[in-house]
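Data first, discussion second: the structure below is written as structure tokens.
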Amino acid sequence: MPESDDHPSPRSTASISRNAQGHDPDGAGPPSAGRALVILPVLTTHPDHDGATRQPDARLSEAIALAQAIRLEVPHAEVIRVARPDPATLFGRGTAERIGGMVEAFHADLVVIDHPLSPVQQRNLERRCMAKVIDRTGLILEIFGDRAHTREGQLQVELAALTYQRSRLVRSWTHLERQRGGFGFLGGPGESQLELDRRLIAERITRLKSDLEEVRRTRKLHRSARQRGGTPLVALVGYTNAGKSTLFNRLSGASVAAEDMLFATLDPTVRRIALSSGKTMALSDTVGFVSELPTQLVAAFRATLEEVQAADLILHVRDVSHPDAAAQKADVDSVLADLGIDAANDPRVVEVLNKTDQMPATARGALHMRLANQRMMEGEERAVAVSALTGEGLDDLLDLLDRRISAERQVLELSVNLSDGRALAWLYEHGQVLDRRDKDGQAHVHVALTPADAARFESRFIGQENR
């Protein structure tokens, strides 16, 4: 029977007791960051707000993988059904005490609650369990803090972490002996609450926002330079561990870290790729998305996510072999919607159905047949099946990119008066000038422009001459 929070039983709906890291006895591999219990609360009274599209076992597996992503050993993990959330601890008293008993039994240093916790709930659970407690947001922020290597990534993660910490360090933790290190979740002794009061945090946040504004301006300059050179931008998006970095490496010949791990890469990377037609494109690998992505991260990573907003094409990389592929797609579409991108109707979005090598042969054949029927019915290719690991389907993907990029721009022959510097500058900024010949006071250019830019040029400059 599922466990109710009012009548705690010795076992919950699903539980796992093991060393989830699988370390060998000789201690090979990276050192452990500690031992953590992973608890997934399922609120039976609010299913619409509790990941109802996913099965609890799949959500628990993802929570374990998130903990493992920062080298935590997970000796025990379980699902606990909560009938009536307790404002003080989320769980009832009996369940909170049972979790405290598990901390002692499994010699855990940390309890990961895969659910948002209020500052009061976090504090009270720590007192009951006599161990550090973090929620899903805190865990994801810790992973991002561990993975950010570039200055931009570190600035963005620190801003998100401080925004998250502000209420917890100032408003609720009145016990001054509490000390936290790192980003305030897993580390050892750090600054005390007196040193991290609201004013100091606010000042640091202000400085970080200023530094990130410089990053944003720099990225905008780089985008403008690519546009002036006529290089279209193709952005990779997708759920974490969908294979974006493996695909990025395959297409670009780069060596971005790609592991079977959630959030294996964090720092954005851009590489130039030559297509068979001779055209070039800039491919951008962005941060992976995840269900219930903390709003602080979406806001802090605005500079990076603007690459997606400004992209000429957006490749949504999906793991079609995953049992929760549909729910993962919905999560990514939700984040894109927050960025103002309607994935279902935006013509820039192309689905890359990855990891076909992990599908049964019959399912893979059915997928290819469905895509072929869609192309016949709709006359437009909005999805392509690939395996970034084996290379299957990558030629089809590159051909699709080549066709879409070529269709985006039309080559026009224009004559512009040499004295009209504004018109010439506009063409260099918004199009790709393929060749230019100056004669008799005129600049005769062949320029590649999108239909929208061609219409804007005509109304702004050619139309002026006729008025």
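The values are calculated or read from the model by the stated rules, or taken from the named source; none is laboratory data. Since the model is a prediction, treat every value here as computed from it, not as a measurement. Please note: Cβ atoms are built from the backbone with ideal geometry, for glycine as well, and neighbour counts cover all protein chains shown. For the accessible areas, the whole protein counts, side chains as well, though only heavy atoms, and no ligand, DNA or RNA atoms are used. Shrake-Rupley method; radii C 1.70, N 1.55, O 1.52, S 1.80 Å.
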Could you list which residues have their amide H under 5 Å from that of residue 417, counting only those 5 or more apart in sequence or on another chain, with H placed in the peptide plane?
443
Checking the cross-link filter: which lysines have an alpha carbon closer than 29 Å to that of residue 329, excluding same-chain neighbours under 8 positions apart?
220, 244, 355
With all protein chains present, calculate the accessible area of residue 222 using a 1.4 Å probe and round the result to the nearest 10 Å².
110
In sequence order, what are the phi-derived ³J(HN,Hα) couplings for the range 425-442 according to the Karplus relation 6.51 cos²θ - 1.76 cosθ + 1.60 with θ = phi - 60°, rounded to whole Hz, with x for glycine and proline?
4, 5, 5, 5, 7, 9, x, 10, 6, 7, 7, 9, 9, 9, 7, 6, x, 10
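Could you do me a favour and compute the accessible area per residue for the range 332-402, 1.4 Å probe, result in Å²? Could the numbers behind the result be given before it?
Working: 3600 Å² over 71 residues.
Normalised by residue count, the accessible surface of the range 332-402 is 51 Å².
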Using r as the Cβ-Cβ distance of residue 446 and residue 130, and R0 as 60 Å, what FRET efficiency do you calculate, to the nearest 0.05?
0.25
Using the Kirkwood radius built from alpha carbon pairs, what does the Stokes-Einstein equation give as D for the range 364-411 at 37 °C and 0.692 mPa s, in µm² per second?
277
Ignoring solvent entirely, what values of log10 I(q)/I(0) come out of the Debye formula for the range 82-131 at 0.16, 0.25, 0.29 Å⁻¹ when each Cα is a single scatterer?
-0.40, -0.96, -1.23
5 angstrom amide H check on residue 82, placed H, neighbours 5+ away:
42, 43, 44
Ranked output for segments 334-340, 77-83, 134-140 by mean other Cβ atoms within 10 Å, highest leading, reads 134-140, 77-83, 334-340
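When the solvent-accessible surface of protein heavy atoms is calculated with a 1.4 angstrom probe, in what order do 152, 104, 214 fall, highest first? Could the numbers behind the result be given before it?
Working: 152 30, 104 140, 214 95 Å².
Final ranking, largest accessible area leading: 104, 214, 152.
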Going by accessible area, probe 1.4 Å, with all protein chains left in place, what is the ranking of 115, 444, largest first?
444, 115
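How much length is gained on full extension from residue 213 to residue 107, taking 0.36 nm per residue of separation minus their Cα-Cα distance? List each step's numbers first, then the result.
Details: separation 106, 0.36 × 106 = 38.16 nm, distance 4.46 nm.
So the extension gain works out to 33.7 nm.
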FRET E, pair residue 57, residue 382, Förster distance 56 Å, beta-carbon r, rounded to 0.05
0.95
So how much accessible area does residue 199 have, in Å² to the nearest 10, using a 1.4 Å probe?
140
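Under the 0.36 nm per residue contour assumption, what length would be gained going from the current alpha-carbon distance of residue 202 and residue 413 to full extension?
Values: separation 211, 0.36 × 211 = 75.96 nm, distance 5.47 nm.
Between residue 202 and residue 413, full extension yields an extra 70.5 nm.
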